[in-house]
Amino acid sequence: MVVEAKNLVKKYKDMVAVNGVEFKVQEQECFGFIGPNGAGKTTTMKMIYCFVPRTSGELQVLGKDPSIHPELVKADLGVVPQDNNLDEDLNVFTNLTMYANYFNIPKAIARTRSRELLAFVQLIEKEKVKINELSSGMKRRLMIARGLINDPKLLILDEPTVGLDPQARHLIWDRLHELKNQNVSMIITTHYMDEAAELCDRIAVMDKGKIMVVGKPKDLIREQIGEEVVEVRLLDTTVEKLKQDASGFQVTLEETSQKCYLYCQDCRPLLNHLADKGYKHILRRPATLEDVFLKLTGRDLVD
Amino acid sequence: MLIKVSYRWTKVWYRNYVSFLKFFYVNLVGNLGDPILYLLAMGFGLGAFLGQIEGVSYIQFLAPGIIVSSAMFAAVYECTFESFLKMIHLKTYDAIIVTPVNIEDVVAGDIVWGATKAMLSGIMMFVVIAAFGLVHSWWSLFIPFLIFLVGFHFASLAMLITAWAPNFDYFSYFLELVITPLFFFSGIFFPLSQSPGWLRALSGTFPLTHAVELSRSLVMGAVPQRPVTNILFLIIPSIGLFYWSVWRMKKRMIK
């Protein structure tokens, strides 16, 4: 077991950030946390990487307790936090070798390893460049390279591709897939459902400091939503009328101010039925993780 | 909360050293500009109007104190503005403490680095003063040790302030209300023997006063009047301030 948490709690003075979560991360697994802002994902991650001490509960990271042996735990972790915190006084290459020094990695090994990692994240031609001359995609890749400098047993990524363009995101996904193939265990948080579905073997959906469900992305979609979704724009109809029109079908209906979502196993008959009834603004599509997310954590804006 | 500083503070010291080498010339001007100006303006300018003080010319009186004050300012600058920048704005601390280097090591590394820069600054000032022919004794070879202690003291004090500081403006209060008064009333610019009794008593509690006394003795080759008191006043508060600042900083960073 890479991480094992039981009834894990983090309280701050006036709020409970993590309210009794329980989860296990297996070896060679990519485990994802998704949830709205303030759900407690980042705090949970920070407890794992020894940045934040827990208030109560049990936590084992790589078989050790982070509150007793932080140095030993951290020695085998790779951490890529939400905000880039590269050392702006040092160039790209020195960022890696200096970081290696924090892990007590001998100089010669550090230099070889830094070169390999720069090649891995496609930054080898930038090795002498200053940090503030890198694009945000490059900085993120360098952050990932830095997180790998100690050949970690567990890589922790807090929103690895936030704010990046599609090319940069896909490049990072490629690299992370390659790491998965090399059997590196990973924990990821993300706001992008496609990213979670793409990378994670299992996902925990968090809200208000609690884990709502844990499972494989496909299972979660099937269990929580079904196979398909019909979206109806509420332009030329009302919720009441729609409920009546769909009453003959086995569906679950969810409404927002502008749209209705109808979850079903096979939505084709429903779609045809609604089309016959004269509905114009309807769309049938496969259910996604985003549906699960919004169903479980609500559609209201979290501030 | 448990405080344990490990050998890994050297990693942080080394990081600061590498970063320092990149900005070596900027650092040099920043550290030496002010003290040299004081020495010239006060020593030659004002000194021309003054007779002898404690049996020596005014610039000769001033020079040993300026060595010490340059060390003080270097340490204070390093562990207020620089450390705050690394902690809050650049998130350098955040990056380092997810490695086996703990927050205590980071703070200790920054403090010892502050002391190191103070020492370098003091040594450079000493060389300038020697070039003016104002150094008269081999005892002055102990100056680097003395100014390292001064640097360690003020780096620890500055770090403690940094642990409380909500923003950069906060440091102005510290500089105006603590450092500047120390600078003027620690016997650098005038001998305290002529001052009112209460000021002399107060000044006697400042570690800086004791550093200035020692510096003057070492530069002149004179026997210090109270060397043990001087050294104790430099070392004991420093140890307290060091642990206090590491503890406060840990409290701030680890929540």
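The values are calculated or read from the model by the stated rules, or taken from the named source; none is laboratory data. On a predicted model such as this, the values are computed, not experimentally measured, just so you know. Positions of Cβ are generated from backbone atoms using ideal geometry, with glycine treated the same way; all protein chains shown enter the neighbour counts.
Quick check on A:Ile156: is it farther than 30 Å from B:Leu21 by Cβ and within 14 Å of another protein chain (Cβ to nearest Cβ)?
Against the criterion (farther than 30 Å from B:Leu21 by Cβ and within 14 Å of another protein chain (Cβ to nearest Cβ)), A:Ile156 qualifies.
Residues B:Glu104, B:Glu176: which one is more than 15 Å from the chain's Cα centre (by Cα), more than 14 Å from chain A (Cβ to nearest Cβ) and of a type in the set (Asp, Glu)?
Selected residue: B:Glu176, the only one of B:Glu104, B:Glu176 that is more than 15 Å from the chain's Cα centre (by Cα), more than 14 Å from chain A (Cβ to nearest Cβ) and of a type in the set (Asp, Glu).
Return the total of residues in the stretch A:106-137 being within 16 Å of A:Ile149 (Cβ to Cβ) and of a type in the set (Ser, Thr, Tyr).
2
Restricting to the stretch A:11-47, and then to whatever is free of Cβ contacts under 8 Å to residues at least 60 places away in the same chain and assigned to a strand (DSSP E or B), can you tell me which residue is farthest from the other protein chains (Cβ to nearest Cβ)?
Per the criteria, the residue is A:Lys24.
Name the residue, out of B:Phe44, B:Phe73, B:Phe49, that is more than 14 Å from chain A (Cβ to nearest Cβ) and either modelled with pLDDT of 90 or more or closer than 21 Å to B:Gly114 by Cβ (or both).
B:Phe73
Scanning the stretch A:48-68 for residues that are of a type in the set (A, V, I, L, M, F, W, C) and touching a strand residue (DSSP E or B) at 6+ places or on another chain (Cβ under 6 Å), which turns out nearest to the other protein chains (Cβ to nearest Cβ)?
Residue satisfying both the conditions and the ranking: A:Ile48.
Does A:Ile203 satisfy the condition of being crowded, with 22+ Cβ neighbours inside 10 Å, touching a Leu at 6+ places or on another chain (Cβ under 7 Å) and away from chain B (no Cβ under 14 Å)?
yes
From the set of residues in the stretch B:121-169 that are part of a helix (DSSP H, G or I), of a type in the set (Gly, Ala, Ser) and free of Cβ contacts under 8 Å to residues at least 24 places away in the same chain, which is surrounded by the fewest Cβ atoms within 10 Å (Cβ to Cβ)?
B:Ala131
Out of (1) part of a loop (DSSP other than H, G, I, E, B); (2) of a type in the set (Asp, Glu); (3) within 11 Å of chain B (Cβ to nearest Cβ), what's the single condition that is false for A:Glu71?
(1)
I'm checking my understanding of the structure. Among residues of the stretch B:192-214 that are in a helix (DSSP H, G or I), within 22 Å of the chain's Cα centre (by Cα) and not hydrophobic (A, V, I, L, M, F, W, C), which one is nearest to B:Ile53 (Cα to Cα)?
My answer is B:Glu213.
Can you give me the number of residues within the stretch A:155-187 that are under 16 Å from A:Phe120 (Cβ atoms), of a type outside the set (A, V, I, L, M, F, W, C) and buried (at least 16 other Cβ atoms within 10 Å of the Cβ)?
3
Search the stretch A:75-97 for residues being farther than 16 Å from A:Lys139 by Cβ and out of contact with any strand residue (DSSP E or B) (no Cβ under 9 Å at 6 or more places or on another chain), and hand back the single one that is surrounded by the fewest Cβ atoms within 10 Å (Cβ to Cβ).
A:Ala75
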